[in-house]
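The values are calculated or read from the model by the stated rules, or taken from the named source; none is laboratory data. Please read these numbers as outputs of a predicted model, since none were measured by experiment. Cβ placement follows ideal geometry from the backbone for every residue including glycine, while neighbour counts extend to all protein chains displayed. To get the accessible areas, we keep the full protein, side chains included, count just its heavy atoms, and leave off ligands, DNA and RNA. Shrake-Rupley method; radii C 1.70, N 1.55, O 1.52, S 1.80 Å.
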Amino acid sequence: MTKRALITGVTGQDGAYLSELLLGQGYEVHGIKRRASLFNTERVDHLYQDPHESEQRFVLHYGDLTDATNLIRIVQEVQPDEIYNLAAQSHVQVSFETAEYTANSDALGTLRLLEALRILGLEQRTRFYQASTSELYGKVQAVPQDETTPFYPRSPYAAAKLYAYWMTVNYREAYGMHASNGILFNHESPLRGETFVTRKITRALARIKLGFQQRLYLGNLDALRDWGHARDYVAAMHLMLQQDSPDDFVIATGKQHSVREFVQLAADRLDLPLSWSGQGLEEQARRDDTGEVVVSVDPRYFRPTEVESLLGNPAKAQRQLGWQPQVSFAELVAEMADADLDAAQREATLRASGYAVNAPQE
Ligand code: NDP
Ligand code: GDR
């Protein structure tokens with residue numbers, strides 16, 4: 001029997017990798033996309049199947065986590081064996097500006113989906129994955145963080161995700177649902193959104209190398225994160241829903257690096273070696289070859305309350321799911337830097353052919 005999965009947030013980084021994984025395993029994949037005034041399916045366009053030509057195994061539905069009746073209708077139509085709830089306003093800094101919307105989509109959106117399953121009588125049939133996050137640990141209470149570490153959210157995003165985490169636990173306990181939380185630490189890839197720090201760095205340094213950008217402005221260079229590769233992490237999501245019993249799992253590499261180290265490694269990969277000087281707001285990095293300042297600190301990117309340091313302990317996932325990250329930090333940085341250098345070279349070709357290029361910067 002072909003399994004049917006419904007992915008919310010299918011147009012995002014993880015949605016794209018998870019769709020590829022599930023299609024590769026023979027699933028029929030349904031995804032929820034938002035109506036936008038421009039195309040927003042770039043990350044999954046290669047999976048698109050013309051409905052006029054073949055039996056579709058990849059189907060997109062218009063919808064939104066803030067619209068309960070729409071979610072009920074889609075779940076009823078699809079009758080999924082598995083739901084992966086990846087949709088979210090996922091940017092921590094933006095959540096300070098859009099706190100109510102973030103709560104509506106990230107917290108209440110999760111409740112709406114869980115309720116849709118109950119209303120439709122699918123709570124015993126459909127397995128549910130909730131995209132929980134290391135941001136729940138916020139002001140960390142223990143190092144490294146595992147499934148028993150207390151939560152201390154430090155942003156409207158994290159507080160909304162805390163509600164979603166506990167509703168997932170509660171629906172599991174109250175209604176016997178196969179509902180699991182993946183507490184995923186930061187995971188990145190060439191498909192990462194351009195305003196998250198890793199992608200912002202690799203994209204800017206590649207453009208600086210080719211002369212299309214002068215400088216990269218960043219916030220807290222001392223922030224420490226446990227960074228893995230998105231492709232490895234979506235495999236863990238799938239494994240969670242294949243277990244006999246639902247549970248909550250930390251997914252992380254167990255290794256930690258600073259934002260400054262990420263910049264340095266990406267610059268080395270792009271053959272743009274840097275020297276650092278100054279402290280705090282005065283800190284800068286210059287190119288060794290030209291002496292130009294290419295990285296500066298801009299307090300605009302400081303957060304009202306910062307998560308300084310995250311480090312995960314994935315022992316439970318290794319033991320129970322047999323999950324191991326495959327991609328090292330150096331390989332991740334190299335893959336992202338190479339992909340953004342390719343993109344900058346395409347930009348160079350367009351510019352050389354006389355085309356105007358619109359390349360927004362953060
Ligand atoms: P992205 O920001 O790349 O993707 C988010 C997706 O959610 C997009 O498809 C977006 O649509 C969609 N979306 C946003 N708001 C709504 C809404 N109201 N209704 C329907 N869809 C919506 O995130 P990632 O792929 O990186 O992350 C996936 C999930 O995992 C998120 O929930 C995130 O919070 C969580 N997470 C991510 C981690 C990471 O390091 N990447 C770590 C831990 C948790 P559109 O394309 O139209 O904007
Ligand atoms: P994060 O990711 O907040 O951990 O949330 P992000 O890449 O935005 O920030 C990581 C760290 O880098 C510091 N930083 C900057 N961040 C951004 N975006 N831009 C900058 O210029 C900059 N300079 C320094 C930040 O202060 C922070 O400490 C991501 C998201 O994917 C969430 O959805 C997910 O839940 C968590 O990861 C785990």
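Quick look at the numbers
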| quantity | calculated |
| --- | --- |
| Quotient of Cα Rg and 2.2 N^0.38 Å for segment 260-309, N being how many residues it contains | 1.26 |
| Highest to lowest packing among 71-77, 222-228, 3-9, scored as the average C-beta count within 10 Å | 3-9, 222-228, 71-77 |
| Segment 114-190 - convex hull of alpha carbons, volume per residue in Å³ | 116 |
| Sulfur and carbon atoms: percent of accessible area, the chain [1.4 Å] | 48 |
| Ranked by how many other beta carbons lie within 10 Å on average, peptides 164-176, 300-312 from highest | 164-176, 300-312 |
| Virtual paramagnetic centre 7 Å along Cα→Cβ of Ala174, amide N under 12 Å, in segment 94-130 | 111-112, 114-116, 118-119 |
| Per principal axis, descending, Cα span of segment 241-286 in whole Å | 54, 26, 13 |
| Measure of compaction for segment 55-211 (Cα Rg per 2.2 N^0.38 Å) | 1.16 |
| Cα-based equivalent ellipsoid, segment 20-72: semi-axes from gyration tensor eigenvalues, Å | 21, 14, 11 |
| Those residues of segment 230-248 whose amide nitrogen sits under 17 Å from the label point placed on Ala315, 7 Å along Cα→Cβ | 248 |
| Segment Ser245-Arg303, extension gain: residue separation times 0.36 nm, minus the distance between their alpha carbons | 17.0 nm |
| Rounded accessible area per residue of the chain, 1.4 Å, Å² | 45 |
| Segment 93-157: Cα Rg divided by the 2.2 N^0.38 Å rule of thumb | 1.38 |
| Relative pair counts by distance (%), Cα atoms of the chain, 10 Å bins | 5, 23, 33, 25, 11, 3, 0 |
| Size descriptor, Kirkwood hydrodynamic radius, that averages inverse alpha-carbon separations across segment 168-253, Å | 15.5 |
| Per-peptide average of other Cβ atoms within 10 Å, ordering 257-263, 126-132 highest first | 126-132, 257-263 |
| Computed P(r) (all Cα pairs; segment 16-104; 5 Å bins; percent) | 2, 11, 20, 22, 22, 13, 6, 3, 1, 0 |
| P(r) of segment 132-171 over all Cα-Cα pairs, binned every 10 Å from zero, in whole percent | 33, 55, 12 |
| Unsatisfied cross-links (Cα-Cα over 25 Å) in the set Lys200/Lys255; Lys33/Lys209; Lys3/Lys200; Lys3/Lys316; Lys200/Lys316; Lys161/Lys316 | Lys33/Lys209; Lys3/Lys200; Lys3/Lys316; Lys200/Lys316 |
| Per-pair calculated FRET efficiency, R0 = 45 Å: Phe96 and Ser54 via Cβ, rounded to 0.05 | 0.50 |
| Length added when fully stretched, Gln25-Gln345, from 0.36 nm per residue minus Cα-Cα | 111.8 nm |
| Normalised per residue, the volume of the convex hull around the Cα set of segment 215-362 (Å³) | 155 |
